[in-house]
1. Against the longest principal axis of the chain, how steep is helix 41-55, in degrees 0 to 90 to the nearest 10, with axes from Cα atoms?
2. When ranked by the protection proxy of mean other Cβ atoms within 10 Å per residue, highest first, what sequence do the peptides 122-130, 166-174, 265-273 form?
3. Per q in 0.21 1/Å, what log10 I(q)/I(0) does a Debye calculation on the alpha-carbon atoms of the stretch 101-233 return?
4. Considering only the other residues whose Cβ falls under 9 Å of the Cβ of PHE207, what net charge follows from Lys and Arg at +1 and Asp and Glu at -1?
5. Using +1 on the beta carbon of Lys and Arg, -1 on that of Asp and Glu, and nothing else charged, what's the dipole of the stretch 35-194 about the Cα centre, debye to 20?
6. Check THR272: other-chain or 5+ apart residues with amide H under 5 Å from its amide H, H built from backbone geometry?
7. Can you match Cα Rg over 2.2 N^0.38 Å to one of these, [x] 1.25; [y] 1.03; [z] 0.98, based on a calculation from the structure here?
8. Residues with amide H under 5 Å of VAL295's amide H, sequence separation 5 or more or different chain, H placed in the peptide plane at 1.01 Å from N; which?
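Since every read-out is calculated from the coordinates, none of them should be taken as a lab result. Here the structure is a predicted model, which means the values were calculated and not measured. Neighbour counts are summed over all protein chains in view; Cβ atoms, including those assigned to glycine, are modelled from backbone coordinates with ideal geometry.
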Amino acid sequence: MKQDSGRLNDPRFAAAVEKVLESYEALGGINHIEGYNLPSRERIVLIINDFEELIFPGYYDKEQLTRRNVRYVVGQRLARVHTTLVTEVAQSLLHTSRCDTAGKAMSRDEALNRADEMVLALIENLPQIREVLREDALAAVEGDPAATSFVDVVLSYPAIRAIAAYRIAHYLHVQGVPLIPRLITEHLHSKTGIDIHPGAAIGKGFFIDHGTGVVIGETSVIGNHVKLYQGVTLGALSVDRAKLDPQRKRHPTLEDNVTIYAGATILGGETTIGTGSIVGGNVWLTRSVPPDTKVMVDPPYLVYRNRRTGDTEHMPMDFSI
């Protein structure tokens with residue numbers, strides 16, 4: 001078998017290379033040739049890790065934080081985040097401006113200046129983000145009997161990582177940063193199974209128990225002290241993209257103190273779950289629910305049949321809350 005370095009001299013291999021290159025010319029959309037460099041997924045992951053250590057100091061650090069070294073460590077980490085994230089935000093701005101405003105794309109200096117302002121504003125807002133995340137962690141401690149402490153929740157619960165990443169991504173999304181907010185939340189989606197679009201608006205004291213399979217769509221609005229269980233979908237009804245109004249709210253609203261149990265699906269931008277309501281497991285909703293209402297499936301029956309005698313018993317499935 002020939003070595004890889006000699007493959008280009010192999011007619012069959014050379015023909016395969018040509019076919020791949022021809023596909024680049026024929027198939028647009030999935031090529032990015034002669035465009036601005038895109039944000040780096042690898043660097044975004046490093047930035048996420050730095051933000052986790054800044055938001056939860058001492059929990060994820062490799063070195064021990066003390067009162068003597070914390071100012072230096074945090075300063076160095078923030079400087080690294082600022083430098084790296086400014087570069088990535090500038091790349092996203094350059095790419096998007098070139099795609100969206102043909103002939104009016106911003107210059108690299110303009111992109112860097114705007115990125116610097118966006119990232120500095122995020123860093124300035126970190127104390128407020130931490131304040132909200134403390135409420136999220138407290139909701140887990142108080143809402144899950146299996147949670148023993150803040151340490152337990154912050155170190156081991158996937159939801160707190162997904163929510164922390166969402167809150168960083170949401171801030172950037174609101175500022176108009178393209179691409180990077182989705183890179184942040186989709187990385188945590190791949191790690192935790194929790195899919196939160198950075199465009200969603202979520203109040204404080206938010207808790208996702210277990211988490212796997214939760215989907216929160218772009219225009220979802222979630223109030224304070226809301227609890228979701230695994231497999232919950234806050235989704236949109238299917239629409240023709242050609243007729244889609246980008247300003248239209250497509251996903252549901254959950255008001256304060258709402259609980260949604262496992263496997264429930266709630267769809268549509270006009271669907272509102274009123275304050276204090278509870279939606280039971282496996283419920284499918286496309287209409288609003290008044291405040292202080294409990295919604296559950298009228299249970300079907302399970303049939304128990306004795307294999308020896310053939311006797312049967314019908315028992316309702318337990319969908320009680």
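1. 60 degrees
2. Ranking, from highest mean packing down: 166-174, 265-273, 122-130.
3. -1.24
4. Overall, the nearby charge balance is -3.
5. 380 debye
6. For THR272, the qualifying residues are THR253, SER288, VAL289.
7. [x]
8. Those qualifying (amide H under 5 Å, at least 5 residues apart or on another chain) are ILE278, VAL279, GLY280.
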